[in-house]
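Novice: Can you keep this structure in mind? I'll have questions shortly.
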Amino acid sequence: MDTKVEALEGSQKKLTVTVDAEEIDKRIKKTYKDFASRYNFPGFRKGKAPRPVIDSMLGKEAVRAQVTDDVVNGLYPIAMDDNDLISIAQPDFDLSEELVTEHAPFTFTVTVKCRPEFELDSYDQVAVKLPSVEATDAEIDEQIDELRNYYYTFEDAADDAAIEENGFAEISLAATDDKGENIETISTDSRLYELGSGLFPEAFDAALEGLKKGDTTTVKMDVSDSLMGRGIEGDVTIDVEVKQVKTKVLPELNDEWAKETAGFEGGVEELRTRIADSIKQQKEQMMPRLRENEALYALQKRVLGEAPEELCSSEEQNLLQNFFQQIQQSGLTFDAYLAQMGMTPADFKDDVKKQAKDVTLQDLALDAWARHFDIQVSDEEISEEFKKSGVDDPAKLEKQWRENGQIASLRAGMKRTKAIDAIVADLAVEELKPGEKLQSVEDEEAEEKAAEAEAPKADEAPAEAAAEGEKLTKTALNKLKVAELREKAEGMGIATDGLKKAELVDAILAAE
């Protein structure tokens, strides 16, 4: 088999494969034998039917068609592998010679869209900023606050105190379904409820925000996507009474509490020392992965090109498949995971898309690095990789991969591993200053700020927002605080006296 590769526009390549006449004759002869053994031909024993009989019974071109199909489908992946080509879209075959011919070579061409070969704007040493492995006072204080959170208590707030965002209150709930029947799983005479806990939809929390002791409200909504509404279909009506607004109180940090409650005989000093040691140990364990992650984020910013949609979509599917396998193994449901992470399905989707784009760009950056520094992977190294897989017969598995044209992808992955290992080994590291964040986090926040800059401001008048193609939504309004809603409503000429948050939202939407 001879192959020739021609570069076309963009990342497309034209692969021409020529199979010599001797190989074609050998395949034709074998296929006739296979047909003779596979089918029953009247008057002939199995496997003994001559060619003219086979051609007469199955069609003159049956064998040639089968050989052509075997040659194209069998040799295309091997030819791609031999030329280190990896297709990212469906190949386009051009069979100028429709069928193989005995005693003659056979040529076919295929146009493939391959992984683009982008360059980097620099191949200099990669520099990153990383935190010190030593625990900072702020980190120790944060850990201590988390520990104190395990021992919190609640106190009654003043009677005129209002429920704040993410606040607490003791409430009673009377829930009925769309038929007016009581829903026992939701109804209760008394429940200590935390706004933002995800037990109910955001609209429920929005309706409670701003209420005081003795206030009542009625909320009608679909609760099927919330933790408390599992298995409940249709709209649910919930009558709520605020029995008491609560204030969360953390224990005072002193030697007495550290000794008697937290169990540190040396008091606060021992508590801080033990936490500092624990933080340092955790940082040391995560530092290798953190070095690699930050190096990849820094490297992807050097890519001169945009991540192809085909590669991003493929990576997105890989991430989703791995994610759902992991939560299934952990016993979590998708809804429970979202509630635990404080995410909506839309947030999750956006996060996966961003991860897929990041991974794609990082892979393309590593490909460029490997090409620039001529990083190679030998056949011996590939064979060794199969031995490391732990299968009973690594040589057999390698043979299957080679026949299926899967070696190019494996080689590319091994080159990337070598590239990132070399980059991390030569990494220039600067210690983060107090309050400074990791580069990857700064990238995410910069994107969020850019998106916010393009969107209408929260205090923008509805008419101005509409003029820029934006429209107020109930979800967006529910994210505002009561004071912000009152200001917006008053700016629209709405009387706000006595209106609760949910009523303010409805009034603004109606006025718009």
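Novice: Could you please give the count of residues in the range 69-120 that are under 33 Å from the mean Cα position of the chain (by Cα) and among the acidic types (D, E)?
Specialist: 6
Novice: Return yes or no: is D137 more than 33 Å from the chain's Cα centre (by Cα) and outside the structural domain of D205 (by TED's automatic domain parsing)?
Specialist: Yes.
Novice: While we're here: Looking at the range 287-302, can you tell me whether even one residue there is out of contact with any Cys (no Cβ under 9 Å at 6 or more places or on another chain), among the aromatic types (F, W, Y) and assigned by TED's automatic domain parsing to the domain that holds W369?
Specialist: Yes, that holds for at least one residue.
Novice: Scan Y76, Y32, Y39 and give me the residue that is in contact with a Lys or Arg (Cβ under 6 Å, 6 or more places away or on another chain) and either more than 30 Å from A408 (Cα to Cα) or surrounded by 19 or more Cβ atoms within 10 Å (Cβ to Cβ) (or both).
Specialist: Y32
Novice: Please specify each residue of the range 178-200 satisfying the condition of being in a loop (DSSP other than H, G, I, E, B) and surrounded by fewer than 16 Cβ atoms within 10 Å (Cβ to Cβ).
Specialist: Once the filter is applied, which keeps residues that are in a loop (DSSP other than H, G, I, E, B) and surrounded by fewer than 16 Cβ atoms within 10 Å (Cβ to Cβ), the range 178-200 yields D178, K179, G180, E181, E184, T185, S187, G196, S197.
Novice: Restricting to the range 373-395, what's the tally of residues that are surrounded by fewer than 11 Cβ atoms within 10 Å (Cβ to Cβ) and of a type in the set (K, R)?
Specialist: Final tally of qualifying residues: 1.
Novice: If you scan the range 149-174, which residues turn out to be of a type outside the set (V, I, T), closer than 16 Å to F204 by Cα and within 37 Å of the chain's Cα centre (by Cα)?
Specialist: E164, E165, N166, G167, F168, A169, listed by residue number.
Novice: Among (1) over 32 Å from the mean Cα position of the chain (by Cα); (2) at pLDDT below 90; (3) of a type in the set (D, E), there is one condition E146 misses while meeting the rest; what is its number?
Specialist: Exception for E146: condition (1).
Novice: Condition (residue is within 22 Å of A161 (Cβ to Cβ) and either exposed (fewer than 14 other Cβ atoms within 10 Å of the Cβ) or assigned by TED's automatic domain parsing to the domain that holds K179 (or both)) applied to the range 219-233: is it met by at least one residue?
Specialist: yes
Novice: Go through the range 124-177 and report how many residues are part of a loop (DSSP other than H, G, I, E, B), closer than 17 Å to T247 by Cα, touching a residue at least 60 places away in the same chain (Cβ under 8 Å) and of a type in the set (S, T, Y).
Specialist: Total satisfying the criteria: 2.
Novice: Taking the range 200-230 as the search range and keeping residues that are farther than 23 Å from L504 by Cβ and free of Cβ contacts under 8 Å to residues at least 60 places away in the same chain, which one is nearest to the chain's Cα centre (by Cα)?
Specialist: The selected residue is S224.
Novice: Right, next: Looking only at residues that are over 14 Å from A174 (Cα atoms), small (G, A, S) and in contact with a strand residue (DSSP E or B) (Cβ under 8 Å, 6 or more places away or on another chain) in the range 186-228, which one is modelled with the lowest pLDDT?
Specialist: Going through the qualifying residues, I end up with A203.
Novice: Here is a check on your reading of the model: is A408 crowded, with 18+ Cβ neighbours inside 10 Å and in a helix (DSSP H, G or I)?
Specialist: yes
Novice: In the range 262-304, which residue that is touching a Phe, Trp or Tyr at 6+ places or on another chain (Cβ under 6 Å) and outside any helix (DSSP H, G or I) is farthest from V133 (Cα to Cα)?
Specialist: The residue in question is L304.
Novice: Between V72, V128, V112, which is touching a Pro at 6+ places or on another chain (Cβ under 8 Å) and closer than 30 Å to E309 by Cβ?
Specialist: V112
Novice: Looking at the range 283-305, which of its residues are surrounded by 13 or more Cβ atoms within 10 Å (Cβ to Cβ) and over 20 Å from D426 (Cα atoms)?
Specialist: K283, G305
Novice: Looking at V429 and the list (1) in a helix (DSSP H, G or I); (2) under 22 Å from R289 (Cα atoms); (3) β-branched (V, I, T), which single condition is not satisfied?
Specialist: The one condition V429 does not meet is (1).
The values are calculated or read from the model by the stated rules, or taken from the named source; none is laboratory data. Every value quoted in this text rests on a predicted model; they were computed, and no experiment measured them. Positions of Cβ are backbone-derived with ideal geometry, glycine not excepted, and every protein chain shown enters the neighbour counts.
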